[in-house]
Amino acid sequence: MDRGKDFLSNAVAKALGGFAVPVHDLPAYKPYRKGTVEALNSAVEQMLLVSLPGYTRRARPAQAYRPTPVEDLLSYPDFVKVLLDWVAWWNTEHYPAGVPDGMTPREAWEADPTPLEEIPEEQLAFFAMEDDGRIRKITTNGVAWRRRAYIAPWMAGHVGTKVRLRYLPHFDGRIEVFTADEPARHLGSAYLAEAATPAQRRALSQVRESNARALKADLKAAEKLSRTRYTATTTPSAPRPRRSVTGQQAQEEISRARAVDLAARALPDLIPPREPPPGWARPRHRPDTTVLSESDPTGTALPDDHTGTEPAPDSKE
């Protein structure tokens with residue numbers, strides 16, 4: 001299968017393992033290894049997407065691309081309807097070259113004698129979903145997962161119930177809640193509480209795109225500055241850069257870089273630490289043990305104002 005994260009997840013590997021199907025990921029950039037899927041994707045693009053407003057790829061390399069005005073673009077529900085109508089046409093009215101005997105894909109599917117077995121929907125809730133193995137409780141705020149709350153109307157009256165969660169790989173907008181006892185019973189779906197509004201998501205996307213463009217511009221400028229070019233010379237001499245920088249310009253650029261670095265702006269020595277409260281225990285000052293007596297091999301420390309073994313004279317004498 002493809003090397004997409006959804007396909008190479010543990011949930012897919014366990015689901016296929018239940019049917020004794022080993023998983024082999026294809027090498028990257030080898031579309032011919034899965035020609036059937038790639039041919040179908042190419043048919044969708046060449047037969048449907050090129051005719052829709054807002055198509056961004058060129059139909060032919062020599063044809064100039066002209067973007068469609070925003071007001072002519074399809075909404076997402078309209079796009080899904082158009083795509084599903086095309087799928088119905090492909091399956092029931094189109095006659096692909098690879099289908100034998102001039103049948104449509106649906107006719108070839110129905111003519112296949114391979115038996116099919118229908119699985120109840122409640123059993124499919126356990127299929128191809130991740131499980132972190134932890135037991136949680138339903139609280140008045142819902143159920144917590146990844147430090148976020150998930151709620152559902154059916155949770156009313158289930159506060160305190162121990163549950164386990166299952167979720168789709170790489171999708172955290174909805175989770176499935178099951179009982180913690182065995183056999184597990186599906187209680188229902190839960191959705192993220194206080195999810196961002198569409199306007200907030202658009203604003204966040206614009207901010208992230210702006211930051212990405214700024215980082216790309218900085219990276220391009222840094223790469224350009226790192227390539228120092230020198231003047232040509234015909235005699236052995238020290239290399240001289242083509243463009244010179246004054247000391248003031250260098251200092252200004254260094255100051256701007258330090259202003260961005262939060263660690264450099266912390267200035268830990270600017271505000272000294274406060275005195276500890278009176279009730280705190282303070283460390284005791286031990287006597288200096290570096291100077292030892294010559295006659296005391298045990299290492300007994302001398303007084304601070306003496307360096308020999310003779311007693312100090314009395315100050316009155």
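Condition first: within 27 Å of Ala39 (Cβ to Cβ) and in contact (Cβ under 8 Å) with a residue 60 or more places away in the chain. Now tell me which residues in region 87-129 satisfy that.
Ala128
Here are some residues: Asp172, Asp218, Asp181. Which one is acidic (Asp, Glu) and not assigned by TED's automatic domain parsing to the domain that holds Phe127?
Criteria check complete, one pass: Asp218.
Quick test for you: out of Ala128, Ala62, Ala97, pick the one residue that is under 30 Å from Thr161 (Cβ atoms) and at pLDDT below 90.
When all the criteria are applied, what remains is Ala128.
For region 116-172, which residues satisfy the criterion of being of a type in the set (A, V, I, L, M) and not in a loop (DSSP other than H, G, I, E, B)?
Once the filter is applied, which keeps residues that are of a type in the set (A, V, I, L, M) and not in a loop (DSSP other than H, G, I, E, B), region 116-172 yields Leu124, Val143, Ala144, Ala149, Ile151, Met155, Val163, Leu165.
Return the only residue of Lys5, Lys34 being in contact (Cβ under 8 Å) with a residue 40 or more places away in the chain and either assigned to a loop (DSSP other than H, G, I, E, B) or not β-branched (Val, Ile, Thr) (or both).
Lys5
Looking at region 177-188, is at least one residue part of a strand (DSSP E or B), touching a Phe, Trp or Tyr at 6+ places or on another chain (Cβ under 8 Å) and at positive phi?
Taking every residue of region 177-188 in turn, at least one turns out to be part of a strand (DSSP E or B), touching a Phe, Trp or Tyr at 6+ places or on another chain (Cβ under 8 Å) and at positive phi.
Assess whether Lys14 counts as being surrounded by 11 or more Cβ atoms within 10 Å (Cβ to Cβ) and at pLDDT below 85.
In short, yes.
I need the full set of residues from region 182-221 which are modelled with pLDDT of 85 or more, aliphatic (A, V, I, L, M) and closer than 22 Å to Ala152 by Cβ, in order please.
Leu187, Ala190, Leu192, Ala193
Of all residues being of a type in the set (Asp, Glu) and assigned to a helix (DSSP H, G or I) in region 89-115, which is surrounded by the most Cβ atoms within 10 Å (Cβ to Cβ)? Just the residue, please.
That would be Glu107.
Among the residues of region 156-172, which ones are closer than 17 Å to Ala184 by Cβ and touching a Leu at 6+ places or on another chain (Cβ under 9 Å)?
Scanning region 156-172 gives His158, Thr161, Val163.
The values are calculated or read from the model by the stated rules, or taken from the named source; none is laboratory data. The shown structure was predicted, so the numbers you read here are calculated from the model rather than taken from an experiment. Here the Cβ is made from the backbone with ideal geometry for all residues, glycine too, and neighbour counts use every protein chain on show.
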